[in-house]
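Each remark here refers to the structure printed beneath this line.
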Ligand SMILES: Nc1ncnc2c1ncn2[C@@H]1O[C@H](COP(=O)(O)OP(=O)(O)O)[C@@H](O)[C@H]1O
Ligand SMILES: [Mg+2]
């Protein structure tokens, strides 16, 4: 399970989050503008209500004379509703932008990180549910934070003019709310992170379990796993309830502090009314204005506290996404832009020599060493794959054949030695161009939910024509194009899945005219007859291409121009 990365205490106002998101700064500006308008509405509304009540009860005004205030009040209420809906729309727009930006950046980064080090279930949970939790941050928390900075100032200003003692009380008690909020917030942050960790653990565990269910059943361990899931779920429930408890308690504390403060204002104003300090219709109006405005001063601060809990989960997830973004790519997974060795003075800024391979290249491994983290490096390897020929790698299982093929696509980088296409080092070539020039059949082709034809179509970056797809399917002896495949290949046998993978390779070779073909154990799951048929239809595709096949099968070795073992 991934641990939460240790991090600087960024507080709830995460600068990186706003920095990462282009639209977010604009959004804060919109919030501030709306906040000012809302403050004006709050003050105008309070003033109108106070003058209506004071006018009707103490000033003896009739309905007709109160009409302007009534109309004004209706307008203020309508304006508040309008502002709220504009706020909501802006929030969702900003949140959507930030979320898709974060997801895109994270996916981009994940593409360049070594595969297999992150758990799929956890990463999926983080990028889908976790990032979605940022909605609460953008739609609820941030606007309230902005309001909390504007409304109290506006309200206090009015109170100072209307009745200074009340302003003093509010000024003294107002800091209690953020103080309590911060104290509780510190406690909540740790809890939210722990709760997020157990959500991830649950997702992780569950994904593993579902994937391995048949195996577990076969070994009679399924029931035991139910116990483990129960434990993980129990942990998740406990953490969620703990977080909710804190959230409720904090709401209670903040509510209490605000209520007591308003009560003090009310008592002060009430005493003044009774003792005649605030006399007549004007006095009543002032008293009412202060009483109506006092709770408004505390409201946004209380809301900040309340929404902090809802947004904490999103922030914890965002932290993890930043963790992914900050991760260093695998040493060498992506070629570091390197200054050309010759003519560097003339072209100092040209990072790549970008030659998409136009003809079948010679591929050379010179004293190449691969290593996986925490493992001994694989033995050093030197080999030449001749241009426009078929080379079969017959090294024993675990010798690094799949690693070597993945390295040609830049998915793995050697820790020593070099790989060169036609004499140019792979690190100096444009990786995108190399990938466009290669058709690759991985050892375990990844299948998606859809038909066989849908799966084959993935082989090229655009929509291929139906006849081209049908041709590839036929040549690979793959199952009928209309057959349904569930995600992860359920519904196809291993041999059928391998031939769907082969159909992809053939389609790509055909349509993109790739000069390099890489096949990782293409016939491992096939019977001898099917294998022969498949190799026969593969024959024309090999012409004028550099073909590299990892395989131990005799039929494959028979078609090779060259065999390599190490
Ligand atoms: N993601 C990985 N993490 C750690 N070790 C790996 C990983 N992938 C492969 N290996 C190890 O690297 C070695 C070579 O693997 P591989 O290239 O798949 O061999 P081959 O295809 O020749 O059977 C093996 O010992 C294997 O266990
Ligand atoms: Mg392999």
Of the residues in region 109-133, those that are under 24 Å from residue 409 (Cα atoms) and not in a helix (DSSP H, G or I) number 8
Being more than 16 Å from ligand 2 (Cβ to nearest atom), assigned to a helix (DSSP H, G or I) and in contact with a strand residue (DSSP E or B) (Cβ under 9 Å, 6 or more places away or on another chain) is the filter here; which residues of region 540-556 pass it? 541, 542
Tell me yes or no: at least one residue of region 410-417 is more than 19 Å from residue 372 (Cα to Cα), away from ligand 2 (no atom under 16 Å from the Cβ), out of contact with any helix residue (DSSP H, G or I) (no Cβ under 6 Å at 6 or more places or on another chain) and touching a residue at least 12 places away in the same chain (Cβ under 8 Å). no
Contact list please: Cβ distance under 7 Å, first residue in region 366-377 and closer than 10 Å to residue 400 by Cα, second residue within 16 Å of ligand 2 (Cβ to nearest atom) and modelled with pLDDT under 90, pairs at least six apart or on different chains. 370/412
If residue 477 passes every condition in (1) buried (at least 21 other Cβ atoms within 10 Å of the Cβ); (2) part of a loop (DSSP other than H, G, I, E, B); (3) at pLDDT 90 or above but one, which one does it miss? (1)
Hits in region 194-230 - residues which are free of Cβ contacts under 8 Å to residues at least 40 places away in the same chain and closer than 19 Å to residue 241 by Cβ: 202, 229, 230
Check 470, 498, 528, 550 and return the single one that is at pLDDT below 95, assigned by TED's automatic domain parsing to the domain that holds residue 432 and within 40 Å of the chain's Cα centre (by Cα). 498
Do the conditions hold for residue 80, that is, is it within 30 Å of residue 409 (Cα to Cα), at pLDDT 90 or above and not assigned by TED's automatic domain parsing to the domain that holds residue 403? no
Just to check your reading of the model, which residue among 504, 508, 562 is touching a residue at least 60 places away in the same chain (Cβ under 8 Å), in contact with a strand residue (DSSP E or B) (Cβ under 8 Å, 6 or more places away or on another chain), under 15 Å from residue 390 (Cβ atoms) and away from ligand 1 (no atom under 16 Å from the Cβ)? 562
Every residue in region 404-445 that is in a helix (DSSP H, G or I) and more than 16 Å from ligand 1 (Cβ to nearest atom), please. 426, 427, 428, 431, 432, 433, 434, 435, 436
Answer from 148, 166, 139, 106 - the residue that is assigned to a helix (DSSP H, G or I) and closer than 30 Å to residue 403 by Cβ: 106
Quick check on region 301-320. Is at least one of its residues in the same structural domain as residue 38 (by TED's automatic domain parsing) and more than 26 Å from residue 131 (Cβ to Cβ)? yes
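The values are calculated or read from the model by the stated rules, or taken from the named source; none is laboratory data. Remember, predicted model here, so these are calculated numbers, not experimental data. Every residue, glycine among them, receives a Cβ derived from its backbone with ideal geometry; neighbour counts consider all protein chains shown.
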